[in-house]
Structures are given as structure tokens and as C-alpha cells.
Amino acid sequence: MVPLAAPSYSSEYESEEDQLVTVTNYCTLFLYRIMAQNAAAALAAGAALAAQNAAAAIMALSPLQRVLHTIVGLAQPACVAVAADGYEEFMDFENMQWKDVEKWISNARKLTLNRGGFSISSSKEKRIQALAFWVNDLLRTGRATVEADINEAEFDVITMNEMAEEAYIYYLECKTDSDVSTPEKFAYNKWEVWEETVVNWLQTKRGVTDLPLSYIIRKVTPPARMDHSQLIIYNASLTTAVFKADSKKVANLLTPLVLDTDAFEWGGRRFTLGKGREGWLELVNHYNGSAESERRIAAARHKLSNLFYKNEMTFNFETFSTKLKATFDTMEKYGEGRSEREKVSTLLEKIRTSNQKLESAITFARSNHSTDYLAATNYLATQISFIFPAQQPTQRTNRDRGKRNVSQLKKDKFGKVKSCNGVDITDTSRWFSIDEWNKIRKNPEILRMINDCPKRKKKAEDRKRRKGEGNGGGRNTSSVNAGITQAVIAALQTAQGSDSSNSIPTQVQMPRMGRQRGVNAVNTTGNDASVAGSATSRQFSIEYDDDGRISSMGISKITTGNRHVSSNNFARTEPDIGYNSTIEIDSHADTHCFGRNFRIITTTEQVCSVTAFLDELATTDNVAIVTAATAMFDGDGAPFIAVFGQGLDFTKKMDKGLINPNQCRSFGVQCVDDPTDPTRKLGFYAEDVFLPLRMQGTNCLADSFCPSDDELNHFPWVYMCGDAEWDPSNVSYPSVSAMHQSMKEETLAVDTHFRTLSTSNAEIEDDMDMCNLHSRLVKAVNISKV
């Protein structure tokens, strides 16, 4: 406070009366100043007392009321009204959902203050929603079980704002129906996928208290480390009335999925009694039991031993790494998990490549990502996309522009598809003609649905089984005897082995289909009518039409020059997806020729020259040697991808393909192109698949088309010829005369068991199994020198 100035006296200018007035005013001001100071001190003391009283009043409130007053912002009368309404502590908000808080506050607004009502703004209502959600989140995750576990200091303004947002999102999730579709019915061979699908599906379903219904089927032992959602699942009570209601709801949801399946006998009956958890645990104990676990581990080991990556066209890296990870996950699930280092080592060992850039990437991954499987996989995926950019999956190409692939579906009143592009598909297990398949192919989803039809697969297995049983399978006595004769010869060769220097050479044996890739046989050059000329000059004549394509009638004989590695990188031509044509059996073609109905799978980096039949005609140099595939249909009308190796790339110059039957036979695939053979049908006999051929005049051929990416991924593959280097001038086959000449030098002693087997055609018909006949005959035949 500024001090007052003392009055001054001047007798020259002021009278005594004036000076008296000045002194009086000064004293008055001084008294006012003292009174003001006293009043200010009194006010300060009153304010301090009031503040102390207010603080004491706040401390007298309960923890919940303090939060409502200081954080939420409710006035003290409103806090008292909330307490009077029964909400005195945090635990009173237990199981209170968004709609419950909304209804409670709406009713309070309708009452007057003296009747216990209170009126708050919408923003403060959201804060109370956040408070209720925060309390229930603590209880659901097990972080609090009683009132003392809840610390009011943790609910600050920041936490309140976060909880308000999460509470609203949670409310919308509970209110909105999930887009997750209902799982398919139980299938034994898809148990692992089905189990995970059911768990994810129930995660989207809500129980009485808005808890995910997946808590009903949770595992008995919780994981060692759990995230927020898992804490909610594993802290939910399994003893309350709410649990019983939710368990019954789960049972009602799962009953249709196991009805009329094997699972109904292994826990499904419990679902009909409303016991969802008990039924699920019985299913899990059976299908994840020790016996099933051993079987799945064995299957995972087998899959792991046969899983390799070679290139992007036959088996891209994305599919390879996904299958590899799924195998590791299966083994870890059943107690045979591998360390990160072992996973990375297996990943790198499974990549078979001769590309130097990819080998460098593998070396880098081994050095820098040896203990991180995910990092190694992502690094290799990135490098492969850089190394093979042209082979990565792409969108529609320029060739596809302007094209429309319209698929017309007709459905019944229940929404089930009746027909696709005019083809009746009400019975997906029936036989479809080639024309019908071509129409169905326009809709990949319908095509997959038909191929995955369980009834269709069962019918195919039944047909195969009937073909191998009795006379009903269509096998006559002569064909059985022919099969026995061939098996006896193979058994004799195996039994003799290398014990005798005069025995039949092992080179005469045909390579087994799908296993022996090369031709390791004695040279019989000149004995085979299909081989002409020397190794350095094999010839064929080519006629071209007006469009520059090879005429379908212009091929008289195919000759290829010596194979050699080219230094040029040939660009892979764009496939003509869906092009329909034929493949023709032609032994004049000493090497497969792939036309427009083929799709190149891999290149060999080898080329050869193609020389015309007459010297005056031109020679085509640097014709690429590739592996290609075409889509065909088996005897039951089911589509297959037929893969042929070591052929000539004429995909832009020929409208059809030419297949050398002897090249297939060298791989172990039987090619029957003799229409006068009464014992066998025309077609390819590859593995357990029969691909029929037909006669058109004097030509033996089959219909095929160029497959799309989706068809390559979903149709089963059958290998018709290997990728080992094919040299038509140096190949031989089992010579019957040579075998007879060698067998004359020895006398065969056949034991009683074999005589019994060979004398009863009826028993042979019933017990014939050509897959293991060879091994049975090896054990049954005894060979002795005279």
C-alpha cells in the first residue's frame, strides 16, 4: 500500500482554517486505509477457512463421489443424488453397460432435485459412461476384484478421455451384427482349421453381459502371456448364472455344425443338452488327444520333408512360406516346436535355386536374420519380387482389356445356386461334360465349390475302388495276365540285381514315374523308328499359314539340334488364358511341342535349333526348351493340370500341342495310342489318374485349354514328363527280345505260392492290387542257376 504524504504548512498562502482542513482530511484517509487493511485480512481469513471447509467436505465424500466431483465435473448436490440413487462406490458400476448408464441418466433427468433427480450435460454423461467402462474393464481383466483394488488416482482426465472412446467403440461392436460368416460343418480332415474358425466366430458373438462367447470354449490352461482380449476371456467366471446362459447359447450355435457328423458322437451330444463348454472340451480332448496329435505331427513332418521352393511359376514363394509357417505352427501346437534359428535354417535349406542373385540373398539372410524367422521370410520375399518381377502376380493385362468375363448365376428361393452359365449345378457330385466345364470355368468360386464337394470326392474314390475290384471293374483276364507278366519281369530283374554278370542289365528297366527323372538306359539308337538321324542333326519340316502360325497339317517330322545354354534372357510370352485346342499324340515329333493351349511354367535356359526336313528350307534357331502345363479332364470329367517337361516353346506359333508318347514313357507314364488294343483304353495312365484320348480319323488326341492362375492353384497337378534333360538320339526302352535272350541262359524255379497265384484268375481278379504286386512277386519268386 502506498504511504500517505504528510501535510505541509504554509502561512504565506493558506489560513489556519485551511491548514486545519488539510490535517483533518489526512487523518480521515489514514483511518480509511487502516480499516481497508483490516477488512482485507478478515476476507483472506474467511476465504482460507472456506477453502479448508471445502477441502474437508470433499475428503468426506466417498472415492466414487470424489471422482464424480473432481474428474467428471458433477456439482456436489448431483454427487449426493447419485449416492442416494445407490451408487456409493465403484463396485456399484459392475456389469453396467452403455445402455444401462444411458437409461439411468435419462430417468434422473425426469425427476426434480428434491425427488432425487439431477440434470447433467451430454458431455458429462459420456464421462460417466467412461467411468463405468473403466471399472468394468478392471473387473473383466482381473486387475480388480473388490473395491479396495480400485485406485481412484488412476482415473484421471487422460484416462477418462481414452475410456470414453473405447466405451463407445465397444458399444457399437456389441450393437452391430458381425460380418463373420458361420463356419462350415465339421470335417475330420479340416479339424485344425475348423477349430480356429469356430473360436474366431464365437469371438464376434456376445453373451448376456456383452462378453465374447469364446470365453465359454477357452482352454483349461491359460497362456503364459496374455494380451488385453485374452485377459478378458480367461478372467470370465465359469460358475455364475450368466455363464450357464452363455454356455447354452454356445451349445445352440454349435449343434448345427456337428449334427450328422462324427463329432456328434465325440461331444456333440452335449450340445443338445445345452452344455456348450462340456461338449467343446470333449471334442478338443478327442481330436487333440495323443493319438491325433501323433498323426498330425507325422503329417507335418512328411509335409516338411516334401516342401521345397524352386521358382515363382510352379510354386511361388508366398505359397511356399505360408505352408512352411503352417507346418511349424502345427508342430508347435502339438509340442514339437522349433527355435527361430532352426526355422530359419530349414527355410533356407528348402530353397533350391541356381540363380546367383537369389543365392546371395540366401547368404545375406543366413548372416543377418538367422534368429528371426519372420524377418528372414520378409527379406527373401522382397528380394524374390525384385529378382523375378515378371513372374509376380499381376492385375489384368493389356490383353484382358475390353474383355468381359460374365458369369450368370441362378438361385432358388432359398438363395442356393441352381445353375451357372446355363449349367445345372444342383448336384455338384454329378459328371460334367467338357463343354459344361468350360462354362463353369468362368466362375472360379463355383468351380472351387464343385471341386471341393465331399460327395464328389467320395464318388471319385468309389469309382477308383470299383475299378480295382473284380470283373465289375472292367478288367478282363487277358489284361490281368498281361499285368502279371510285366510284374514278373520286373520282379525277376529286382531279384537278380547285380549277383550275375549275365543278368538283365539294370539300364533296361523303365524309370519309375515321378521319381526317376533322367533316362539311364542302354543305347539303342537306330532301333526306335521315331528316332531319325544323328545326335547333331534331327530334322522336321514346317509349313506356315498366312498369319505366320505353324499350319496344323504342316508338321511332318520334328528334328532338334544339340541343346546348349543360351546367354540371352528370354522374356516369357503372355499366356493365352482359356484358349481351347487339342494335344495330338505324334511320335514323329521327337520332342514335345507346346502350342497356344499350353502355359509355360519354367524355362531351362537351354535352346536348340529346329531344322526343316529339306535342306533348302530355313532353320529356326534358339527355340527355348521349357516346362509347360495344360488343363485336361480325367475319365470322370474332373479337371487336372497336366505338366510336361523338356518341350519346345511354340506357344505363339502353334494352335495345338504335339506330344511325343515315347518321351512320356521314358518318365514312366503309360501312353496308350493304339485304337486296336482290346485290353486298354486310349489315354495317359499317370500315377493314379487316367486322362483319356480319342481318335479323330487316324489322329489320337485330347481336348485341353490354357489354364489361368486360379486354375493352376486349385486344380490338382499330374506330371506327365520330367524336367531332366531329354536327348531323343540317346534313349532306349526295355527290349523284349534282349530280355528273352538273357533269360534263356537261366532256369527259373517258381515256388508253390506263385503257381497258386497264377493259376486262379478268379482269385487274381478279387485280390489284384497292381500297386503292390511287384513287391509281392519279389518275395514270391525264387531264382536258381542250373
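The values are calculated or read from the model by the stated rules, or taken from the named source; none is laboratory data. Bear in mind that the values here come from a model prediction, so they are computed numbers and not experimental data. In this analysis, Cβ positions are derived from the backbone assuming ideal geometry, glycine residues included, and neighbour counts consider all displayed protein chains. These accessible areas exclude ligands, DNA and RNA; they are computed on the full protein's heavy atoms, side chains included. Shrake-Rupley method; radii C 1.70, N 1.55, O 1.52, S 1.80 Å.
Annotations
- Between residue 588 and residue 431, the distance separating the two model label sites (each 7 Å from Cα on the Cα→Cβ line) works out to 3.4 nm.
- Sorting 578-588, 283-293 by their mean Cβ neighbour count within 10 Å, with the most densely packed peptide first, gives 578-588, 283-293.
- Surface accessible to a 1.4 Å probe, per residue, for the residues of the stretch 109-178, Å²: 59 Å²
- A Förster radius of 45 Å, combined with the Cβ-Cβ distance separating residue 99 from residue 386, puts the computed FRET efficiency at roughly 0.25.
- Among the protein heavy atoms of the stretch 183-280, carbon and sulfur supply 55% of the accessible surface, probe 1.4 Å, non-protein parts ignored.
- Length gained when the stretch residue 229-residue 293 is fully extended (0.36 nm per residue, less Cα-Cα span): 20.3 nm
- Modelled this way, with points 7 Å down the Cα-to-C-beta line, the labels at residue 181 and residue 410 are 2.3 nm from one another.
- 11 Å cut-off, amide nitrogen to a point 7 angstrom out along residue 424 Cα→Cβ, residues in the stretch 634-665: none
- Charge dipole of the stretch 86-213 about the Cα centre (unit charges at C-beta), most positive-ward option of 121, 90, 211: 121
- Taking 7 Å steps out from each Cα toward its Cβ at residue 278 and residue 364 produces label points 6.0 nm apart.
- Spatially proximal lysines relative to residue 656 (Cα-Cα < 29 Å; intrachain offsets below 8 disregarded): 310, 403, 439, 442, 557, 681
- For a straight C-alpha distance cut-off of 28 angstrom, the lysines reachable from residue 244 (same-chain residues fewer than eight places away being disregarded) are 99, 103, 175, 185, 205, 219, 275.
- Extension gain for the segment residue 442 to residue 326, taken as residue separation times 0.36 nm less the Cα-Cα distance, is 38.7 nm to one decimal.
- Working ranking of peptides 294-306, 74-86 by packing, defined as the average number of other Cβ atoms within 10 Å per residue, highest first, is 74-86, 294-306.
- Taking each residue as 0.36 nm, the span from residue 357 to residue 725 lengthens on full extension beyond its C-alpha to C-alpha distance by 130.1 nm.
- Along the axis of the charge dipole computed for the stretch 309-375 (Cβ charges of +1 for Lys and Arg, -1 for Asp and Glu, origin at the Cα centre), the listed residues 337, 326, 358 are led at the positive end by 358.
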